[in-house]
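The structure appears below as structure tokens.
Please treat every number below as a calculation from the coordinates, not as lab data. The structure displayed is predicted, hence computed values, not measured ones. A quick note on method: Cβ atoms are made from the backbone with ideal geometry, for glycine too, and the neighbour counts reach across all protein chains shown.
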Amino acid sequence: MPPSPGRAGVPRLLVVGGAGQLGWDLARLCGPEATPLRRGDLDVRDAGAVRAVVAAWAGRQPPGSPLVIVNAAAWTDVDAAEAAEVAATAVNVTGAANLAAATVATGATLIHISTDYVFAGDEARPYDVTDRPSPASAYGRTKLAGEEAVRSLTPHHYVVRTSWVYGATGRNFVKTIARLERERETLRVVDDQRGSPTWSRDLAAGLVALASSDAPYGVYHLAGAGDTTWWGLARAVFEELGADPARVLPCATSELSRSAPRPAYSVLSDRAWRDAGLLPLPHWRDALAGAFAVDGEALRP
């Protein structure tokens, strides 16, 4: 990994995908130092628009401020991507390439958010950044191609892979389970997919620390510590709601009808993150309790 230049001062963040879970938490955490852009503010598929918006934002920042662009915009509908890979590619690959090119023109650093789905999920140990990706789904293929576009277009990049993200905004597994707890007596949730749930607020805090650090440019993994299955996470959500977790019943992935294959094991090793002197995220179970303490009303749709 090439070294990053020392970044003196408070980084100014342009958050692309600012209406999503991560973008919302970055804006909440950084306040005036962050400029969130929603989909209506910028179509990442439009290279000319990306160049113009990024250049205008950079021109408004105080002289000498470290400039960091966070690409949290993505096609994330895993099943829909199977039938619409071209459309997913336009966002996850072309959009990433457009932002990477714009960072070069402004001298900014790009933090590009990627996913555990770039791995096949057939290992039995946490995936390291040195492990070879082998995505099994269209979504995973487009996210990996987006990573490659970023790496080829700008040396000043951080590719940060994360997993199982949930937060106060948008649709996510935790909010869905909280809703279904009210609607159903029992739930069947898969117990043969294992990963690391990640609270978007913790992820945002980690990215701000990265943006302010001298960590070498390159690929990093950042997710909640520890691991569980979707069934285990659903039971934990029930516990936070004061409901009986025994109402959550385990099932196999094969019992569900899904267009896209899921990794059976996609736990990410944060070794490179820790080696760069950055603090790991809290354990996923502690983070879930914190999420309900801070955003409980939003998590109970």
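Summary table below
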item	result
Amide H within-cut-off set for His283, under 5 Å, with H built and near neighbours excluded	Ala225
Label assignment, Cα Rg over 2.2 N^0.38 Å derived from the structure, set (i) 0.91; (ii) 0.97; (iii) 1.37	(ii)
Ranked by how many other beta carbons lie within 10 Å on average, peptides 57-68, 231-242 from highest	231-242, 57-68
For Ala138, net neighbour charge (Lys/Arg +1, Asp/Glu -1) across residues whose Cβ lies under 14 Å away	0
Local net charge near Gly226, Cβ-Cβ under 13 Å (Lys/Arg +1, Asp/Glu -1)	-2
Shape of the stretch 189-301, Cα gyration tensor, a/c cut at 1.5	oblate
For the stretch 182-194, Karplus couplings with θ = phi - 60° (6.51, -1.76, 1.60), whole Hz, Gly/Pro x	7, 9, 10, 6, 9, 10, 10, 10, 5, 10, 10, 10, 10
Placed amide H near His157: partners under 5 Å, 5+ positions off or other chain	Leu110, Gly218
Label-point separation, Ala289 to Val10 (7 Å along Cα→Cβ), nm	3.2 nm
Cα-Cα separations in the stretch 117-180 greater than 14 Å, expressed as whole percent	68 percent
Estimated FRET transfer efficiency when R0 is 25 angstrom, pair Ala225-Ala298 (beta carbons, to 0.05)	0.60
Amide H partners (placed H, <5 Å) of Ser114, local residues excluded	Val160, Arg161, Thr162
Calculated FRET value between Asp131 and Asp244, using beta carbons and R₀ = 45 Å, to 0.05	0.70
For the chain: relative contact order, % (alpha-carbon pairs under 8 angstrom, 6 or more apart)	22 percent
Gyration tensor (alpha-carbon) shape descriptor, the stretch 240-298, a/c threshold 1.5	oblate
From phi via Karplus (6.51, -1.76, 1.60), per-residue ³J(HN,Hα) for the stretch 157-174 in Hz, x at Gly/Pro	9, 10, 9, 10, 8, 9, 8, 6, 7, 9, x, 6, 10, x, 9, 7, 4, 4
Under the Karplus curve 6.51 cos²θ - 1.76 cosθ + 1.60, θ = phi - 60°, whole-Hz ³J(HN,Hα) for the stretch 100-112, x wherever Gly or Pro sits	4, 5, 5, 5, 4, 5, 9, x, 7, 9, 9, 9, 9
